[in-house]
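Quick note: the coordinates plus some simple rules give every number you see, no bench work behind them. Being a predicted model, the structure only gives us computed values, none of them experimental. With ideal geometry, Cβ positions are generated from the backbone for all residues, glycine too; neighbour counts draw on all protein chains shown.
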Amino acid sequence: MTVLGPSGEAGRPGFKKASPMKSAFLRNALILGMLSAVGPFAIDMYLPAFPAIARDFQVDVSGVQMSLMSFFLAVALCQIAYGPLSDRFGRKPPLYFGLGLFVLAGIGCSFAPNVETLIAFRFLQGVGSCATMVIPRAIIRDLHTGHEAARLMATSMLVFSVSPILAPLAGSALTAFFSWRVIFWAIALIGLGGLAVVLFLLPETHKPDQGRGGIAQAFRTYGSLLKDRRFLGLAFIGGFSQASFFAYLAGSSVIFIEHFGMTPSAYSMIFASNAIAFIGSAQFNSTFMRRFGAERVVRIAISCFASLVTLLFLLTMLGVDSVFVLWGLLFVSFGCLGFVIPSTAVLALEEHGPVAGTASALMGTLQLSTGAVIIALVSAFYDGTPVSMVSAIFACALVALTLSFRTMKPRRVYP
């Protein structure tokens, strides 16, 4: 097993053997998890403040939801630049730029005089944040493949799981005692922490490749990946699975706080519990992948997810309007996704090691563009009830299920 070395790529000179191996693996997971948590903190921390921001700006909640969509749209679009740049110049320089912009945009959000300015600064914050979303996946591919990559990804997910657990609670606490604007100062401080991690704890895992072409080469690589039906299928399975959670992000705070009358703190606990279900199940993913195969794990988990979401959709359409039914079925459903999203990411990057940054960027762009569209739809059709959110989750589940059986058909065994 390899560890993050001072230079070079995994398995090349400059990397030390893990001693002990377990502690080195956990160190890698801690570093990557901390970086990966920067973006989710920027998303989750201000969700409980949606009603307060809407009141302050005297706009509908749908206007504030557009600031979330602009963040996702920026992350989706800018990954196509960060990926090739990280393949050409190494993993660290794009992280410096992205995190620096993230901090400055967070400060801008805190001074926003109206919702339009907030949306614009959130877009810039998304531009910076996407570096921490695409590059850690490429670093994992620099270090490992197969179930070991899935194990590292799942363990790093366990580290950044503090985001969906603590971020809404922190946001609701800050909103209770201070203005919502303080939340964005806290987010900016988190960005500074990410810069410190990159500067002092993260060695370079990919040697700069000045021989790699510029924009033209990047687009040729993207063109090749877009012709890879397996890569696209896996990317969109993960994409629509993530989009179902993004629909939850867009609608849940208003539904639980405004529709069901819960306090921001109570909503934060429900949000954290669903995130725990996702992160917790992901910790068993590498074990199941090794025993049953990644594709079989994905097919079974997607089938369970779609079945549970279909039940929730039918109950919602029949007029069942219970906070316990909504929370309970979403809790189990999102637990299923813990087996889907890490596995599809590993499978999609498996055969693209030399261009892992570019492939990771394209995958992220496709997935988050899908998520941004779903967020816009949930916001546009929100009617004060869970119907639009549940309908979007249901549609995403059906698409992901269909793609899983078209992309990963069971192999026929011949005698």
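Data for the structure
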| read-out | value |
| --- | --- |
| Cα-based shape type of the stretch 316-410, given that a ≥ b ≥ c are square roots of the gyration tensor eigenvalues and the cut on a/c is 1.5 | prolate |
| Cα gyration tensor shape of the stretch 212-279, rounded if a/c is under 1.5, else prolate or oblate by comparing a/b with b/c | prolate |
| Between the stretch 316-353 and the stretch 370-405, the alpha-carbon center distance in angstrom | 12 |
| The stretch 249-384 - percent relative contact order, Cα under 8 Å, separation 6 or more | 35 |
| Sequence of Leu398, Leu368, Leu330, Leu225 once ranked by neighbouring C-beta atoms within 10 Å, starting from the fewest | Leu398, Leu225, Leu330, Leu368 |
| Phe177-Thr385 pseudo-label distance in nm [points 7 Å out on the Cα-to-Cβ vector] | 4.0 |
